[in-house]
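S.K.: Got a structure for you, questions after.
The values are calculated or read from the model by the stated rules, or taken from the named source; none is laboratory data. Quantities reported herein were computed from a predicted structural model and do not represent experimental measurements. Here the Cβ is made from the backbone with ideal geometry for all residues, glycine too, and neighbour counts use every protein chain on show. In case anyone asks, the SASA skips ligands and DNA or RNA and just uses the protein heavy atoms, side chains included. Shrake-Rupley method; radii C 1.70, N 1.55, O 1.52, S 1.80 Å.
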Amino acid sequence: MYSEELSKRLASELSGKLETAVLLWLHDPAGRDATIIRKSLTADNKTLEGATEVICSRTPSQLQYLKQIYHSMFGVYLEHDIQTNTSPGDHQKLLLAYISTPRHEGPEVNREIAQKDAKGLYKAGEKKLGTDEKTFIHIFSERSAAHLAAVSSYYHDMYGHSLKKAVKNETSGAFEHALLTIIQCAVNPGKYFAKVLHKAMKGLGTDDSTLIRVVVTRTEVDMQYIKAAYLKKHKKTLNDEVHSETSSHYRTFLLSLLGPNH
C-alpha cells in the first residue's frame, strides 16, 4: 500500500532500545533467532552469549528451520558463520554438533542409557583429573531434553549433587555457558530464563540486550512459566522488576509483551 518496508519506516521513526525491541519483534520466531545469532556472532564487541543461549535452548526442529531461515536472510550457512566467528575449541565443537544432530523430541526415556550416561559424565569429569570434554559434547548434543533431564536426576541420586554443579566445577567460559543452557533448558526452561532475566536486571544498570532478547523471544513460548518461576524465586513479579528497570515507551512495549502482572 505504501511502497516501502514497514521495518524501514519503523527504523527511521524509532530509536534506541525501543527500536531494537520493536524491529526484533517484527520477525517471525525463527527470524528473531537468526537476527540475534547473526548479531551476536558478527558484532565488533562480540560476546557469544546471545548466540549460545538461543542455539542451546531451542528444539531440534526449531534449529532445522532456523538454519534455513538463517541462510535465506544472510546468504551464508549458520555452520559457516559459527566456524568463522568463534574460536576453535570445545564451545565451537558443541555448537556445531548441537545444530547438526537430530535429537528425539518426545518424552520417552531409556532409563538404562540415562543411568549409563550419568556414570559416563562422572567418569569424564569429576572422577578424573582434568576433563574429557568429548564425552560431554557427545552426550549433551546427542540426547533428547527428556533424556538429559533424567540423566541429571540420576546424577544427583548417584553422586549427591546436580549435573549442573558438575558442569560448573569441570568447565568454564563459553563452553560452560553452552552446557549449562542445554541442561537447564532440558530440566526447566522457565526457571532458566527467569534466572537469565534476573541476572540482566540485578545490581547497577540493566543488560538491555539480554532483557530484549529473552522477553521478545519467549513471550509467545513459555512466558507464563518464566513469570511464575520468577515470582517464586524472587518474591516479586517480573513485570514489577521490568517496570523499575526501564522507562518510557521502551518500558510500555516490554510490559505489553509480558502481559498481565501476576
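S.K.: Please give the peptides 233-239, 134-140, 145-151, 45-51 ranked by average Cβ packing (other Cβ atoms within 10 Å per residue), highest first, as a rough proxy for protection. Walk me through the numbers before you get to the answer.
M.R.: Numbers: 233-239: 15.3, 134-140: 19.6, 145-151: 22.0, 45-51: 17.0.
Highest-to-lowest ranking by the protection proxy: 145-151, 134-140, 45-51, 233-239.
S.K.: Moving on to the next point. Quick check for you: with a 1.4 Å probe and neighbouring chains kept, what is the accessible area per residue of segment 188-261, in Å²?
M.R.: 50
S.K.: Another question, then. Can you work out the accessible area per residue across segment 1-151, with the rest of the protein chains kept in place, probe 1.4 Å, in square angstrom?
M.R.: Result: 55 Å² of accessible area for each residue.
S.K.: Candidates [x] -0.34, -0.54, -0.77, -1.40; [y] -0.40, -0.58, -0.76, -1.25; [z] -0.48, -0.70, -0.95, -1.52; which is the computed log10 I(q)/I(0) by the Debye sum over Cα atoms at q = 0.08, 0.10, 0.12, 0.17 Å⁻¹?
M.R.: Structure-derived value, by its label: [x].
S.K.: Among 152-159, 9-16, how do they line up from the highest to the lowest mean number of other beta-carbon atoms within 10 Å? Don't skip to the answer; put the middle values down first.
M.R.: Details: 152-159: 17.1, 9-16: 12.1.
Taking the mean over residues of other Cβ atoms within 10 Å, the ranking is 152-159, 9-16.
S.K.: Would segment 188-261 count as rounded, prolate or oblate if I go by the C-alpha gyration tensor, calling it rounded below 1.5 in a/c and otherwise prolate when a/b exceeds b/c, oblate otherwise? Each step should come with its number before you reach the end.
M.R.: Values: a/c = 1.41, a/b = 1.20, b/c = 1.18.
In terms of gyration-tensor shape, rounded.
S.K.: Sticking with this one: With the full set of protein chains in place, find how many percent of the accessible area of the chain is carbon and sulfur; take the probe as 1.4 Å. Don't skip to the end; give the middle numbers.
M.R.: Numbers: 7190 of 13610 Å².
The computed percentage sits at 53.
S.K.: Here is a further query. Per DSSP helix of 4 or more residues, -39500 (n - 2.57); summed, then divided by the residues of the chain. What does that give at 222 nm, rounded to the nearest 500? Don't jump to the answer; show the numbers that get you there.
M.R.: Values: 17 runs with 193 residues, N = 262.
Mean residue ellipticity at 222 nm (helix-derived): -22500 deg cm²/dmol.
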